[in-house]
Amino acid sequence: MSADCFSFVVYMIHACADRWSVTPSRVYKALKKSGCLYQYLVPGYDILHTQSTNYVVRDIEEYLRQRKVTA
């Protein structure tokens, strides 16, 4: 994973934590459990990092909802 991709993932974890009023650690665990980190965010970095934060957070919410994982 490149440094830019890593920074994006960390940023999105904190954005989700802020939106959902939970700790970043809790978000990380949910993203890892659901496969969102390595099956969605990292492979999709080239496109996702060009989208708005709100768009990506909503996409992550939908990803987790479909996999019945909560943060």
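Observations on the model:
One line per residue, one yes/no per condition, for (1) of a type in the set (A, V, I, L, M, F, W, C); (2) out of contact with any Lys or Arg (no Cβ under 9 Å at 6 or more places or on another chain); (3) touching a residue at least 60 places away in the same chain (Cβ under 8 Å):
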site	(1), (2), (3)
SER2	no, yes, no
SER7	no, yes, no
CYS16	yes, yes, no
PRO24	no, yes, no
ALA30	yes, yes, no
SER34	no, no, no
GLY44	no, yes, no
GLU61	no, no, no
VAL69	yes, no, no
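- Of all the residues in region 11-34, those that are over 10 Å from the mean Cα position of the chain (by Cα) and either of a type outside the set (Lys, Arg) or closer than 14 Å to ASP59 by Cα (or both) number 9.
- Some residue of region 48-69 being more than 14 Å from CYS16 (Cα to Cα) and of a type in the set (Gly, Ala, Ser): no
No value in this document is a laboratory result; all are computed from the given coordinates. None of these values were measured; they are calculated from a predicted model. Neighbour counts run over all protein chains shown; Cβ positions are idealised from the backbone, glycine included.
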